[in-house]
Amino acid sequence: MPFTQTPPALGNQYDDDRVLRSYLARVLPADVLAEIEPALREMGRLSGGPLYEMQLADRLNEPRLTQWSAWGERIDHIELTPLWRQAERIAAEHGVVATAYERRHGALSRVHQFALAYLFTPSTDIYSCPLAMTDGAARTLLDSGNAALADRAVAHLTSRDPAEFWTSGQWMTETTGGSDVGLSETVARQDADGGWTLHGRKWFTSAATSQMALTLARPEGSGAGGRGLALFYVETRDENGRLRGITVDRLKDKLGTRKLPTAELTLNGTPAIPVGALSEGVRAITPMLNVTRTWNAVSASALMRRGVALARDYARRRFAFGATLDQQPLHADTLAWMQAESEGAFHLTFRVVELLGQLESGEMDDNGPALLRLLTPIAKLTTARQSVAVASEAIEAFGGSGYVEDTGLPALLRDSQVLSIWEGTTNVLSLDVLRALGPSGIEPLQREVRRCLASVCEPSLAAPARAVESALEHADAWLARATTADRPALEADARRFALTLGRAVEVALLCAHAQWSLDAEHDGRAAAATRRLAADGIDLIVHVDRADSAALARDEPVATATPAVEVEDARHIR
Ligand code: MFK
């Protein structure tokens, strides 16, 4: 009988997730945890069992666009795959969006909701995308002050009844740019009786089967840039189910997120309602961006967790060179790195989730608004990059099998890759971190770090705590120097700066959690993760000569000799 390798297996994804369970035990009152735990356990069962099996069985299915009926009618019907149809039903019934708006546990309802989302996401092939936009649309409509639109849509967006549940699109991207949204060319026209229609092309509309969308368009005669755009509400179909002045030109053929029907749409007289003012559209849509960016971080953490769970299980089964992989020192070291990265990402992500809940329920302290504004892009960009790295390592942990499609493993890497692109690339988000810095610079983060480290007394956490403080001091000093320099210098270093802040806050949050876990659970694993994450490096701000970068980027001759790297900066080079 030739040898056959047993595949990796998953158990209940709630019961098996030490990081999630330990975190919930710390932040939730015991009665709240006892109340919500059955729902989390059920989602963990679905995610590790039936949904995971269905995901593997659904692997080759993709959404299909049928543009014409047999009799020549333009219908633009998109058929979703069985997994996604099932995911929509489960998401509605289990309140993966609704939980946040029912607010049974005040600010902590966001923690409850995103714990569900975190468990649900890895087995549903990025169904988190339509849910993220749905959540963002509900938040934006509620915040907009437009009671008529909120009354009309929010009950659907937050329904637990699959027959009533709506998803929302977020149509922002046009051919002129996904990042520089102010270049949008879609025009809004007002007719004689005051109604508005949209005319233009939306180039990257995710989850194009949604019942409604929030989108940007420039009212005729309005000025240029993001300030000349307005935010509009669109219901995609009329009472007969026909698209309202929308044609689906084609579905995108993407590297990953293959279940997600991302479409190119032409809007030709699409009826639309202004959500608020007829200008400042970019600012008006930012509540949606900040919610979807939070979902992005939750999805990144969830995909990392899935990669670690599969790689760890496989390492216990796979025998090579005289022992199972988990007994091999170098493989164990790799798994430890993956675990530490995902653990840091988890705590950063859920800190943003806590703050979002506090903001929404008016339970925030004075540091909260500035901290949330900074941490949202930081968490999005940091966890997305971690997720790509961890997914890549997870694939490699299976050797050649990880590279083979019918294991289902390659999707993990493909789907992770989108997380650093949509909702703002790493570079665009790094620039958003600069935008988010108020007059006090990184002080809101330093306060947060001081809060985290105040409780830490375990001696082995002293070095990680010092590394956090030193990285933040360096970031602060860089900022003080950079803000007096020219803007290009500031921008060129923005990514290293943002990632340093992200890693510093991750280690600080992990330090605090690790101390709690040692005290309350007598468990040293979070402390081990803290030491490992810190050992792999926090401070990424290195001396980079901008003339070198300009020459290298364009492959042009280096005009002048590069000055020697200063000793102070050299210590940060690795
Ligand atoms: C799995 C989970 C995730 C699933 C999501 C799936 C859906 C994916 C579909 C998409 O990808 S939708 C497209 C997403 N596109 C983006 O995220 C756009 C990326 N580009 C940016 O974020 C740019 O930074 C931005 C478009 C905002 C730049 O535009 P502008 O016009 O140059 O912005 P400007 O003038 O700096 O800012 C306008 C106002 O908004 C300012 O306020 P004031 O008017 O009071 O001065 C800014 O401070 C404010 N602002 C900008 N970003 C903000 C913000 N406020 C709060 N939060 C923010 N993030």
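Can you work out the FRET efficiency for the pair R316 and I273, with r the C-beta to C-beta distance and R0 = 45 Å, to the nearest 0.05?
0.20
Let me know the longest stretch in the chain that avoids all chymotrypsin sites (Phe, Trp or Tyr not before Pro) found in a DSSP loop with at most 13 other C-beta atoms within 10 Å.
That would be 322-574.
Output the peptides 237-245, 32-40 sorted from most to least packed, where packing is the average of other Cβ atoms within 10 Å over each peptide's residues.
So the peptides 237-245, 32-40, ranked by packing, come out 32-40, 237-245.
Checking the a/c ratio against 1.5 first, then a/b against b/c, what shape does the Cα gyration tensor give for the range 168-284?
oblate
For the chain, what is the Kirkwood hydrodynamic radius in Å, using each pair of distinct C-alpha atoms?
So the Kirkwood estimate lands at 24.9 Å.
As an exercise, use a Förster radius of 25 Å and the Cβ-Cβ distance of T176 and E280 to find the FRET efficiency, rounded to the nearest 0.05.
Computed FRET efficiency for T176 and E280: 0.85.
Could you grab the relative contact order for the range 423-546? Cα pairs under 8 Å, six or more apart, rounded to a whole percent.
Averaging sequence separation for qualifying contacts and normalising by length gives 35 percent for the range 423-546.
Just to confirm the filter: which GluC sites (Glu not before Pro) across the range 461-568 are DSSP coil and have at most 12 other Cβ within 10 angstrom of their Cβ?
Within the range 461-568, the qualifying GluC sites (Glu not before Pro) (loop, at most 12 other Cβ atoms within 10 Å) are E566.
Gain in length, E35 to S470, computed as 0.36 nm per residue apart minus the alpha-carbon separation, to one decimal in nm?
Working it through step by step, the gained length comes to 152.5 nm.
Out of the DSSP beta bridges found with both residues in the chain, what percent are antiparallel (nearest 5)?
Around 85 percent antiparallel, to the nearest 5.
What is the distance, in nm, between label points placed 7 Å from the Cα along the Cα-to-Cβ direction at V27 and at L330?
Modelled inter-label distance: 3.8 nm.
Spin-label point model (7 Å from Cα, Cβ direction): what's the Y403 to A462 distance in nm?
With each label placed 7 Å out from Cα toward Cβ, I get 4.7 nm.
Is the range 1-51 best put as rounded, prolate or oblate by its Cα gyration tensor, with a ≥ b ≥ c the root eigenvalues, rounded for a/c under 1.5, and otherwise prolate when a/b is larger than b/c, oblate when not?
In terms of gyration-tensor shape, prolate.
With r as the distance between the Cβ atoms of D519 and V187 and R0 = 41 Å, compute the FRET efficiency 1/(1 + (r/R0)^6) and round to 0.05.
E between V187 and D519, to the nearest 0.05, is 0.10.
Specify which residue in the list W478, V449, V558 is farthest towards the positive end of the charge dipole of the range 442-572, using unit charges on the beta carbon of Lys, Arg (+1) and Asp, Glu (-1), about the Cα centre.
Of the options given, the answer is V449.
Dipole size in debye (nearest 20) for the range 44-112 around its Cα centre, Lys and Arg Cβ +1, Asp and Glu Cβ -1?
Dipole about the Cα centre, nearest 20: 340 debye.
Could you tell me the relative contact order of the range 168-284? Use alpha-carbon pairs under 8 Å, at least six residues apart, and round to a whole percent.
Relative contact order comes out at 31 percent.
Only the coordinates and a few stated rules stand behind these numbers; no lab work does. Nothing here was measured: the structure is a model prediction, and the numbers come from that model. Virtual Cβ from ideal backbone geometry, glycine too; neighbours counted across all protein chains shown.
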